[in-house]
Amino acid sequence: MIDPALLDLYSSRLKELGAQVKEDHPLADADASVKKRSPLCGSQITFDVLLDQDQRLSRIGFTVRACSLAEAAAAIVIGCAPGSTVDELKAVRDSVKAMLREARDELPGGKWDDLEVLKPAQMVPARHGSALLPFDTIVKAMEAALAKQQ
């Protein structure tokens, strides 16, 4: 019998989001590029970032080779992160981590509303790393770009 939690996890909205990152869109003029890999499922995400003069994310390039959950999370990051500072992205990452690991419901709203599709992953701890991979990757890419500016 199929676990209902897994059916919820792979919702149609999650699949729609994942479909948005099937084509690579690298950024040739990036300030930094970071590739991270999930040791559990083998998902790999590369984010290329370009910052503006206010140290906000101006543009993001990407290459995503990942499971459905990480693809959907990557699509959310790609769609919502531009205009954000590294501290704002850390706060989003931390709220997603708390939602997954501590079953907290305090997710950012507004442009980040699609984070709700990741909630069913709360019940599948083995998938937490996949859901967090894009958030960890964008934070590392922003930190690398900021380090180059100093």
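Rule-based calculations on the coordinates, nothing more; no lab input. Predicted model, so just to flag it, every value in this text is computed and none were measured. Virtual Cβ from ideal backbone geometry, glycine too; neighbours counted across all protein chains shown.
Show me the helices of the chain, taken as full DSSP H stretches, that run 24 Å or more along their long axis by Cα and average -0.5 or above in Kyte-Doolittle hydropathy. Membrane-span-like by this rule: 128-149.
Of 24, 31, 54, the sequence from fewest to most neighbouring Cβ atoms within 10 angstrom is 54, 24, 31. Taking only Cα atoms and a 10 Å spring cutoff, compute GNM fluctuations for the chain and point out the largest among 20, 44, 53. Looking only at 20, 44, 53, the largest GNM fluctuation is found for 53. Distance between the 7 Å Cα→Cβ label points at residue 126 and residue 44: 2.3 nm. For the range 109-118, 3J(HN,Hα) computed residue by residue from phi via the Karplus equation (6.51, -1.76, 1.60; θ = phi - 60°) reads x, x, 5, 8, 3, 5, 4, 4, 5, 7 Hz, glycine and proline entered as x. Ranked by the mean number of other Cβ atoms within 10 Å of their residues, highest first, the peptides 120-127, 36-43, 75-82 fall in the order 75-82, 120-127, 36-43. For the range 26-90, the alpha-carbon coordinates run over 37, 23, 17 Å along the three principal axes, in decreasing order. Taking 7 Å steps out from each Cα toward its Cβ at residue 55 and residue 87 produces label points 0.8 nm apart.
Among the listed pairs 90/111; 36/111; 36/97; 35/90; 97/140, those whose Cα-Cα separation exceeds 22 Å are 36/111. Backbone amide hydrogens, once placed in the peptide plane, bring residue 43 within less than 5 Å of 38, 67, excluding anything fewer than 5 places away on its chain. Its Cα gyration tensor gives the chain an equivalent ellipsoid. The semi-axes, each the square root of 5 times an eigenvalue, are 26, 16, 13 Å from largest down. Extension gain for the segment residue 12 to residue 29, taken as residue separation times 0.36 nm less the Cα-Cα distance, is 2.7 nm to one decimal.
Spin-label model, residue 102/residue 65: points 7 Å from Cα along the beta carbon direction are separated by 3.6 nm.
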